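S.K.: First the structure, then my questions, so here it is.
The values are calculated or read from the model by the stated rules, or taken from the named source; none is laboratory data. The model shown is predicted, which means the values in this text are computed figures rather than measured ones. Neighbour counts run over all protein chains shown; Cβ positions are idealised from the backbone, glycine included.
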Amino acid sequence: MLKAKCLKKAVVPSTLIEDPSPGSLQCTRLALSVSEDRSSCVVYVASGPHIYKLHIALGESSVSEGKDSLLIPEHTEIIASSVLNRCPHRSEIQSIALAEVESCGYVMLGSVDSYGHLIVSKLDASSEDVDKLTYSALPPDNGIGEGSWSGLCFCPNQWSMAAVARSFCKAIDIYDQDIHIRTLRPLWYPTSLNFMQNVDNGNQSSTLVITEGSQLTIWDLRMKENGGCVHRVCGIPGDIFYAACSSSNGYVAVGGADRTVTIYDPRRWSALSRWVHCSKYEITGLSFSTIDPDCIYVQGVDYEVFCGQWKDNDKIFSFRGDSNWLGFSKCTGKDILAGWCDSGSIFIADVASEIDKVINFPIFVENFVTSMYIVLLMPKILSFFLGFPFYVCTLLNFKYHVIPLYHDVDIIKLSCLPCFDFFGKESLNYFGVALTNQISPYPGTALTLSYGQESASNEKVMK
């Protein structure tokens with residue numbers, strides 16, 4: 001079960017962004033990068049032809065709920081903010097995306113404008129250009145025509161490969177850095193795209209999930225037949241899909257104007273689950289949880305964002321922005337969400353599993369019974385030290401009975417009273433071993449020794 005650790009709210013300085021550009025219905029103008037200790041994050045937002053960088057403090061805090069169980073955000077400060085020093089676009093930026101290269105410690109920041117012009121920059125931890133590596137790519141038709149929404153996604157296992165969707169042109173352009181590889185031709189206007197993990201080939205991500213109109217289409221970049229389209233799932237005519245995402249186990253989620261989240265199994269392309277009318281208005285953003293793929297984050301145009309279990313159709317928590325979402329994204333590899341509102345507010349939610357929370361146990365574990373049977377395979381060595389031919393040690397917590405094993409087997413029953421200190425890690429404070437009539441017992445232990453006769457505790461071994 002997931003639970004929100006904190007919900008922060010920061011306000012973008014008006015001196016940095018006075019009036020954000022409107023963008024499109026899809027909230028794809030935000031990208032998020034989080035530090036290793038989760039104490040701060042860097043949020044990239046796009047307005048007009050520029051990209052802005054915001055360094056925001058996170059930290060630990062308690063989460064409080066308000067009306068309708070909505071999470072109440074706590075204000076946080078923006079440590080630093082600036083305009084990203086890179087080549088600007090000629091028109092309004094429609095989408096930005098990050099590709100983190102973990103082994104090298106830098107990220108690739110890509111942006112695409114309303115005419116499909118792609119610009120990718122290599123940034124280090126301080127968001128500065130590394131070796132001034134910035135490249136751009138124009139679509140094959142040089143962006144001729146009317147501007148529209150454009151989407152961008154990087155291949156998760158090959159950061160140099162990117163896919164750019166142009167809505168009005170009904171085209172999906174595939175690039176390897178600045179080299180144009182091929183163009184996919186959907187039948188309707190594309191509204192979202194996402195690389196998915198290939199179930200058959202492991203980490204080779206050559207499958208692209210695209211929503212076009214009221215259809216969900218699957219494209220294989222290795223195929224030429226049918227233009228690369230391998231499957232087409234039709235929804236309700238007139239209900240446009242606006243969001244699609246894939247999980248680590250290969251499942252695909254789609255949502256849109258019908259306010260329903262549908263989960264598909266790519267091996268059969270049958271619906272595993274339908275969460276009907278889970279959102280009040282149209283769904284424009286979906287992301288599977290990294291911690292628990294059975295949970296999904298849903299973002300709608302009514303300012304609401306919620307997390308729920310798609311198998312049980314059960315909401316876990318939710319929060320709202322204070323105006324229309326201009327950008328919304330989930331951090332890659334972490335369950336941290338960030339959203340940018342038209343009012344200039346940025347909301348950041350840090351989500352964790354309830355297992356990671358502090359669990360308090362009594363000093364002596366009276367209600368927790370653990371049984372572990374250790375068969376000692378070195379009888380000669382043990383007989384030298386202990387004076388008995390063969391032993392079976394039975395570690396029991398508060399269980400005072402001798403278990404019959406088989407004939408002519410001697411039993412040592414060791415009952416231990418360990419102290420536990422549970423703060424995310426288990427630590428055993430002391431553990432003593434005592435042998436009856438031979439060694440005095442250490443604190444926290446009680447031992448019963450038997451050898452086919454009545455033991456010190458007047459228990460009989462059944463043979």
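S.K.: Can you find even one residue in the stretch 61-71 that is modelled with pLDDT of 90 or more and either assigned to a strand (DSSP E or B) or closer than 14 Å to GLY339 by Cα (or both)?
M.R.: Within the stretch 61-71 (the criterion being modelled with pLDDT of 90 or more and either assigned to a strand (DSSP E or B) or closer than 14 Å to GLY339 by Cα (or both)), the answer is yes, since at least one residue qualifies.
S.K.: Considering only strands (runs of 3 or more DSSP E) fully contained in the stretch 250-294, which possess at least 3 residues that are touching a Leu at 6+ places or on another chain (Cβ under 8 Å)?
M.R.: The strands (runs of 3 or more DSSP E) meeting that bar are 252-256, 261-265.
Yes/no matrix, rows are residues, columns are (1) closer than 30 Å to ILE240 by Cα; (2) buried (at least 21 other Cβ atoms within 10 Å of the Cβ); (3) in contact (Cβ under 8 Å) with a residue 40 or more places away in the chain:
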{"site": "ALA4", "(1), (2), (3)": "no, no, yes"}
{"site": "PRO13", "(1), (2), (3)": "no, no, yes"}
{"site": "ASP19", "(1), (2), (3)": "yes, no, no"}
{"site": "SER24", "(1), (2), (3)": "yes, no, yes"}
{"site": "SER33", "(1), (2), (3)": "no, yes, yes"}
{"site": "GLY48", "(1), (2), (3)": "yes, no, yes"}
{"site": "ILE51", "(1), (2), (3)": "yes, yes, yes"}
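S.K.: Give the residue that is modelled with the highest pLDDT, with candidates limited to residues of the stretch 90-105 that are in a strand (DSSP E or B) and farther than 20 Å from GLY48 by Cα.
M.R.: ALA99
S.K.: Checking the condition within 27 Å of the chain's Cα centre (by Cα) and either over 30 Å from ILE291 (Cβ atoms) or outside the structural domain of THR134 (by TED's automatic domain parsing) (or both), which residue from GLN177, GLN197 passes?
M.R.: GLN177
S.K.: Answer yes or no: is there a residue in the stretch 75-83 that is part of a loop (DSSP other than H, G, I, E, B) and at pLDDT below 90.
M.R.: no
S.K.: Which of the residues that make up the stretch 153-162 are among the hydrophobic types (A, V, I, L, M, F, W, C), closer than 16 Å to VAL209 by Cβ and surrounded by fewer than 24 Cβ atoms within 10 Å (Cβ to Cβ)?
M.R.: Once the filter is applied, which keeps residues that are among the hydrophobic types (A, V, I, L, M, F, W, C), closer than 16 Å to VAL209 by Cβ and surrounded by fewer than 24 Cβ atoms within 10 Å (Cβ to Cβ), the stretch 153-162 yields CYS153, PHE154, CYS155, MET161.
S.K.: ILE355 passes all but one of (1) at pLDDT 50 or above; (2) outside any helix (DSSP H, G or I); which number fails?
M.R.: Among (1) at pLDDT 50 or above; (2) outside any helix (DSSP H, G or I), ILE355 violates only (2).
S.K.: Oh, and also: Of all strands (runs of 3 or more DSSP E) completely enclosed by the stretch 106-148, which ones contain at least 2 residues that are outside the structural domain of SER35 (by TED's automatic domain parsing), at pLDDT below 95 and surrounded by fewer than 20 Cβ atoms within 10 Å (Cβ to Cβ)?
M.R.: none
S.K.: Taking the condition of being buried (at least 18 other Cβ atoms within 10 Å of the Cβ) and on the phi > 0 side of the Ramachandran plot, how many residues in the stretch 298-353 meet it?
M.R.: Residues meeting the conditions: 2.
S.K.: Something else now. With the condition kept exactly as written, say whether any residue in the stretch 190-208 is under 19 Å from TYR264 (Cα atoms) and among the charged types (D, E, K, R).
M.R.: Taking every residue of the stretch 190-208 in turn, at least one turns out to be under 19 Å from TYR264 (Cα atoms) and among the charged types (D, E, K, R).
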